[in-house]
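Scroll down for the structure; my scribbles are underneath it.
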Amino acid sequence: MATEQLTKTLAHWERHGTVAHLRLDDAARLNALSVPLVDAALRALDEIEADETVRALVLSGAGRAFSAGGDLADVGARVASGEPWPRLDVLRRLQRLVTRLRGSRLPIVAAVSGPAYGAGWSVVLACDLVVAAGDARFCQIFVRRNLVPDLGSAWLLPRAVGTLRAKEMMLLGEEWSADAAHAVGLVNRLVATPPEAEREAMRIATRMAETTPATLAMAKDLINRGQALSFEDLLKLEEHAQALALGTPETLRAMADFLEKRGAASGVVRPST
């Protein structure tokens, strides 16, 4: 399938049919999350989401890492004044990446190889599905750098593995192998090599892209928002989403096809209209 390269910066993307592949590309620095890299990723996301032909997204890192975490050299230079406001500004700029990923209309598959440390792991947690190569390594390294967990990991990780396991990961700051992360449910698919991880992520994204975009977006929104809602409030949100889904031309056509096939299988002939 022909691939169209659309941008070339610290984060660039290309289109494979209805799937976009966004790659963090500061390989010399293990894709550490500097402000310039995150800004480039956000610009790429703007372009991707503006393209209505794109229905799913794969996110990966170039070179030997998904992301080594926050770029302490870049962040350190920006907060060297000692004033609190520069620190807050930098953090908020980095936070926009995880909020954009979680809030995207697109289902997002992370293809992880090498380290996904600190804020880099937070980015993975903000994706919808995770494929990991055998060399992937995950670490909530914050406490070992005298920092608290950031980019939402203190909210995302307990919901993924439970409070006790999340505390173990965050308060000890130990490295987790791809096998161990897969065993506790933080990885959906485990493959041998980085190229296989990208191929499997693309396969999964391509399958999701076959579904109506509005349905995917509403299903993702229900799952994400439902974690903060009561069961009763989720049912109300579900009512609205399902009413919209039932009214789409794609759903009506699929239901008509289903009834036609069931009628043929049972020998019942539906009257023509």
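The values are calculated or read from the model by the stated rules, or taken from the named source; none is laboratory data. Quantities reported herein were computed from a predicted structural model and do not represent experimental measurements. Ideal geometry is used to build each Cβ from the backbone, glycine not excepted, and the neighbour counts take in all protein chains shown.
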Residue within the range 193-204 that is more than 14 Å from ALA110 (Cβ to Cβ), small (Gly, Ala, Ser) and within 16 Å of the chain's Cα centre (by Cα) present: no
Leading residue by the ranking (surrounded by the fewest Cβ atoms within 10 Å (Cβ to Cβ)) among those in the range 134-152 that are aliphatic (A, V, I, L, M) and under 27 Å from GLU198 (Cα atoms): ILE141
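Based on this model, can you work out whether VAL38 counts as part of a helix (DSSP H, G or I) and either buried (at least 23 other Cβ atoms within 10 Å of the Cβ) or modelled with pLDDT of 95 or more (or both)? Show your work before the answer.
Numbers: part of a helix (DSSP H, G or I): yes; either buried (at least 23 other Cβ atoms within 10 Å of the Cβ) or modelled with pLDDT of 95 or more (or both): yes.
Against the criterion (part of a helix (DSSP H, G or I) and either buried (at least 23 other Cβ atoms within 10 Å of the Cβ) or modelled with pLDDT of 95 or more (or both)), VAL38 qualifies.
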Which listed residue, of LEU190, LEU229, is at pLDDT 95 or above, surrounded by 13 or more Cβ atoms within 10 Å (Cβ to Cβ) and at negative phi: LEU190
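This table checks each residue for (1) under 17 Å from ALA41 (Cα atoms); (2) basic (Lys, Arg); (3) modelled with pLDDT of 75 or more.
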residue	(1), (2), (3)
LEU57	yes, no, yes
ALA62	yes, no, yes
SER67	yes, no, yes
LEU72	no, no, yes
ALA77	no, no, no
LEU88	no, no, yes
ARG96	yes, yes, yes
THR99	yes, no, yes
GLY103	yes, no, yes
Flag if SER122 is closer than 24 Å to ILE48 by Cβ, free of Cβ contacts under 8 Å to residues at least 60 places away in the same chain and buried (at least 16 other Cβ atoms within 10 Å of the Cβ): yes
Residue count, the range 51-77 (criterion: surrounded by 20 or more Cβ atoms within 10 Å (Cβ to Cβ) and either more than 30 Å from ARG207 (Cβ to Cβ) or not assigned by TED's automatic domain parsing to the domain that holds GLU14 (or both)): 5
Residues located in the range 142-193, provided they are among the basic types (Lys, Arg) and either assigned to a helix (DSSP H, G or I) or over 20 Å from ILE223 (Cβ atoms) (or both): ARG144, ARG145, ARG159, ARG165, LYS167
Residues of the range 223-233 classified as closer than 20 Å to PRO107 by Cα and either in contact (Cβ under 8 Å) with a residue 12 or more places away in the chain or assigned to a helix (DSSP H, G or I) (or both), total: 5
